[in-house]
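Notes for the one structure printed next.
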Amino acid sequence: MPVPQPQMHDELSYLLAADTFSQGRLTNPAHSLSIFFDTFHVIQHPTYASMYPPAQGAVLAFGNLLGHPWIGVLLSTAAMCVAISWMLQSWVSAPWALLGGTLVLFRVGIFSYWINSYWGGSVAAMGAALVIGAWPRLLKNLRKRDAGILGCGVGILAISRPLEGFIFCIPVALSILWYARLSPRPKTSAIKGPAIVLASTLICILGFIAYNNWRVTGSPRVFPYSIEQRSYLTSPVFVWQGNKPQLTYSNAQFDDFYNRWLPTMYRPGRPGFQKITKDKFREFWRFFLGPALSIPLLLIPWVIRSRNERALLAQFTLSWIGLIAVAWFHPHYAAPLMTTTMILVILGLRKLRNWQFRGRPVGVRIVWLIVLFSILIGPVHFLISRSPSLSELCSFAPEGMPPRYIFGLAITILAIFLLRLRSGHSPQLSGRAPIGKSAFAEFLLLILAITQVCIAERTLHPGHFVFNDPWVWSARVAIQQRFKSIPGQHLLLVKYAPDHNVHDELVYNAADIDRAKLVWAREIPGQDLDPLLSYYQNRKVWVVEPDEKPFRLYPYSPGRP
C-alpha cells in the first residue's frame with residue numbers, strides 16, 4: 001500500500017498545522033490577499049491557521065522532521081495499538097490484552113482511514129487508552145507515575161478531541177473523587193503525591209491551551225474552531241440548535257458548501273434527529289465492530305460485575321450521549337470511546353471462552369472463529385480491491401451466494417469435520433492431543449473456511465468493514481507532481497466550473513505562502529485579479545481548470561478570457 005495522498009478538506013487543514021509547527025510557530029500572520037486564499041477549515045483572520053486542535057498537526061509535524069508527515073501517522077497508530085494493549089492489562093490478563101491490541105491493529109491500524117489518511121483518530125484513541133489504563137492502576141496503587149500517565153492522557157484528549165475527551169473523562173474524575181472521599185485517614189497522605197502530580201499536569205495543559213488560543217485567535221478563551229463557526233457555519237453544531245440565516249460568502253464554493261450541502265446533512269427536528277442518530281450507530285458499528293465483534297458485546301450483562309466495570313459501562317453510555325448531542329459524526333469523533341468498547345469486547349470474549357455445551361468447550365471454538373474472521377476480513381478486502389481478476393472471481397449478485405461458493409464452503413467444512421473426527425479417536429498424550437500434520441491441515445482448512453466467509457461477507461455487505469483505498473490521487477496531487485520538475489516559483493489560478501464538486505478543493509497553501517514554490521489562488525468572478533498579479537509579479541502565472549476531464553493547466557494570458 002502506498003503512502004496516502006491528502007484529499008479531504010480536513011487533511012489539508014491538518015497539514016497546514018503541521019507545516020506551521022515545523023517552522024517553530026503556532027500560527028502564521030494573516031495575508032493581505034487572503035480573499036484569494038480563503039479555503040475550508042482554515043481561518044484567515046486574525047491569524048492564518050488551521051481551525052483544528054493542535055495534536056494531529058503536531059504528530060504530522062513530527063513526521064515532517066523525519067522526512068514525511070505520514071510517518072507521524074504511522075508512529076501514532078503504532079503508539080495507539082501499544083497504548084491499548086497496555087490499557088487492557090489493567091483490566092484483563094496479558095494474553096487477552098495482546099489479543100485486544102492485535103484486533104485493533106487489524107481492524108483500524110492497517111486498512112482504515114485512520115492510517116491511510118491524515119485526519120484519523122489514532123492520537124485521541126492513544127490519549128484515551130492512557131487515561132483508562134492508568135485509572136484502575138492509580139486507584140489500586142496510588143503511584144505518582146500512574147497519576148502522571150493519567151494527566152498526559154487527559155492532555156492528549158484536550159488537544160485532539162476536546163469535547164469528546166471532556167465527556168469521556170467525567171466518569172473517571174467522579175470515580176477518583178469518590179475514592180478520595182471514602183479513603184481512610186491513613187491513606188490520605190498517600191493520595192497527596194499523586195494528586196499534586198495530576199493537578200500540576202492539568203494546570204500545564206490548561207496553560208498551553210490558553211496560550212495556543214491567544215496566539216491563534218487573540219483571546220485565551222476563544223478556540224480557532226469558534227472563528228470558523230462564527231464566520232462561516234449556517235448549520236447547527238448541536239442537535240437542539242436550528243439553522244442560522246444563510247450567509248454571503250466571497251466565492252461560490254463556500255456558498256455551495258455552507259449554504260447548500262451542509263444543511264442537507266442534518267435537518268433540525270425530530271425526523272432529522274432520528275435519522276442522524278441511526279446513521280451514527282450504524283457508522284460506529286461498521287467501523288469499530290462489524291458482525292463478528294458484536295457477538296461478545298451480547299454478554300455484557302454477564303460481564304459487568306465489579307464497581308470499576310459498572311463505571312466503564314457508565315462511561316460508554318455517557319460518551320454515546322455526547323456523540324448523539326453533536327450534529328455531525330465521523331468514526332474518529334468516537335476515538336476515545338473505542339478504548340472502552342475494546343475493553344467490553346475483550347471482557348465478552350473472555351466470558352464466551354468459558355462457555356461449555358454438554359461438557360464440550362464450545363466457547364473456545366467460537367472465540368477462535370471470531371478472532372480469525374476479524375483478522376482476515378481486512379486482508380480479504382485489500383486483495384479483492386487490488387486484484388481485478390480476483391475481484392471478478394469473488395463478485396456475485398447481492399441476492400445470494402452462487403452454488404460454487406456454497407459447494408466450496410461445504411467441502412471445506414466437511415474436510416474439517418473429518419479431520420476433527422479422526423483426531424478425536426487418536427491417542428492422548430498427557431491429556432493433550434498430539435500436534436502433527438493432521439492438526440496443521442485442520443488449521444489451514446479453518447483459515448480457508450473463514451476466508452471464504454470473509455469473501456461472502458465482503459461481497460454481500462461491503463460496508464461492514466470500512467476499507468480505505470490510498471491509491472486515489474486528486475488533481476491537486478497530480479499538479480504538484482508535475483511542478484516538481486519545473487524550476488522557479490509559480491502562481492496557480494484555480495478556475496472552478498459552476499457544477500464543481502466542493503469536496504475536491506485545490507486552494508490550500510503552505511504556512512509561509514510567499515516563500516512557497518506553488519501559491520494556489522481562487523479565481524472569483526467579479527473580483528479584480530490585478531492586486532494578486534501585481535503582488536506576485538515575479539512568479540509565472542498558470543490557470544488550472546480542475547473540472548475538465550482531464551484537468552487543464554495552461555499559462556495565464558491577460559488578454560485571454
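The values are calculated or read from the model by the stated rules, or taken from the named source; none is laboratory data. Every value quoted in this text rests on a predicted model; they were computed, and no experiment measured them. Don't worry about glycine lacking a Cβ; one is built from the backbone with ideal geometry, like all the others, and counts go over all protein chains shown.
Only one of the listed residues (Leu262, Leu323, Leu347, Leu298) is over 22 Å from Pro236 (Cβ atoms) and surrounded by 15 or more Cβ atoms within 10 Å (Cβ to Cβ). That residue is Leu347.
Rundown of residues vs (1) in contact with a Cys (Cβ under 7 Å, 6 or more places away or on another chain); (2) basic (Lys, Arg); (3) modelled with pLDDT of 90 or more, yes/no style:
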site	(1), (2), (3)
Gln489	no, no, yes
Leu532	no, no, yes
Gln537	no, no, yes
Lys540	no, yes, yes
Pro561	no, no, no
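For segment 23-36, indicate whether the set of residues that are of a type in the set (Ser, Thr, Tyr), in contact with a helix residue (DSSP H, G or I) (Cβ under 7 Å, 6 or more places away or on another chain), crowded, with 20+ Cβ neighbours inside 10 Å and under 28 Å from Tyr249 (Cβ atoms) is non-empty. Checked segment 23-36: at least one residue is of a type in the set (Ser, Thr, Tyr), in contact with a helix residue (DSSP H, G or I) (Cβ under 7 Å, 6 or more places away or on another chain), crowded, with 20+ Cβ neighbours inside 10 Å and under 28 Å from Tyr249 (Cβ atoms). Where helices (runs of 4 or more DSSP H) sit wholly within segment 56-150, those with at least 2 residues that are of a type in the set (Phe, Trp, Tyr) and within 30 Å of Val303 (Cα to Cα) occupy 94-107. Could you please let me know if Trp119 is more than 30 Å from Ser226 (Cβ to Cβ) and of a type in the set (Phe, Trp, Tyr)? So Trp119 does not fit the description; no.
Within segment 492-512, the set of residues being under 27 Å from the mean Cα position of the chain (by Cα), β-branched (Val, Ile, Thr) and either modelled with pLDDT of 95 or more or within 16 Å of Val477 (Cα to Cα) (or both) comprises just one member, Val507.
Of the set (1) closer than 17 Å to Met342 by Cα; (2) aliphatic (A, V, I, L, M); (3) crowded, with 22+ Cβ neighbours inside 10 Å, all apply to Leu105 but (3).
Of a type outside the set (D, E, K, R), under 19 Å from Arg515 (Cβ atoms), under 26 Å from the mean Cα position of the chain (by Cα) and outside any helix (DSSP H, G or I), is that true of Tyr48? Quick ask: steps written out before the conclusion?
Values: of a type outside the set (D, E, K, R): yes; under 19 Å from Arg515 (Cβ atoms): yes; under 26 Å from the mean Cα position of the chain (by Cα): yes; outside any helix (DSSP H, G or I): yes.
Yes; evaluated as a whole, the condition is true for this residue.
Reported count of residues in segment 35-47, each being more than 12 Å from Thr217 (Cβ to Cβ), out of contact with any Phe, Trp or Tyr (no Cβ under 7 Å at 6 or more places or on another chain) and hydroxyl-bearing (Ser, Thr, Tyr), is 0.
For segment 203-262, the set of residues classified as closer than 21 Å to Ile35 by Cβ and of a type in the set (A, V, I, L, M, F, W, C) consists of Val216, Ile227, Leu233, Leu247, Ala252, Phe254, Phe257, listed by residue number.
Helices (runs of 4 or more DSSP H) fully within segment 311-398 that include at least 1 residues being over 25 Å from Ala173 (Cβ atoms) and at pLDDT below 90: 362-386, 388-394. Looking only at segment 88-101, decide whether some residue is under 30 Å from Met8 (Cβ atoms) and hydroxyl-bearing (Ser, Thr, Tyr). Checked segment 88-101: no residue is under 30 Å from Met8 (Cβ atoms) and hydroxyl-bearing (Ser, Thr, Tyr). The set of residues in segment 476-512 that are surrounded by 19 or more Cβ atoms within 10 Å (Cβ to Cβ) and of a type in the set (Val, Ile, Thr) comprises Ile479, Val494, Val507.
Quick grid of which residues meet (1) crowded, with 16+ Cβ neighbours inside 10 Å; (2) modelled with pLDDT of 90 or more; (3) closer than 22 Å to Ile321 by Cα:
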{"residue": "Ser250", "(1), (2), (3)": "no, no, no"}
{"residue": "Gln253", "(1), (2), (3)": "yes, yes, no"}
{"residue": "Asp256", "(1), (2), (3)": "yes, yes, no"}
{"residue": "Pro271", "(1), (2), (3)": "no, no, yes"}
{"residue": "Gln274", "(1), (2), (3)": "no, yes, yes"}
{"residue": "Asp279", "(1), (2), (3)": "no, yes, yes"}
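Consider segment 456-467 and keep the residues that are surrounded by 18 or more Cβ atoms within 10 Å (Cβ to Cβ) and either among the polar types (S, T, N, Q) or closer than 13 Å to Ser385 by Cα (or both). The one that is farthest from the chain's Cα centre (by Cα) is Thr459.
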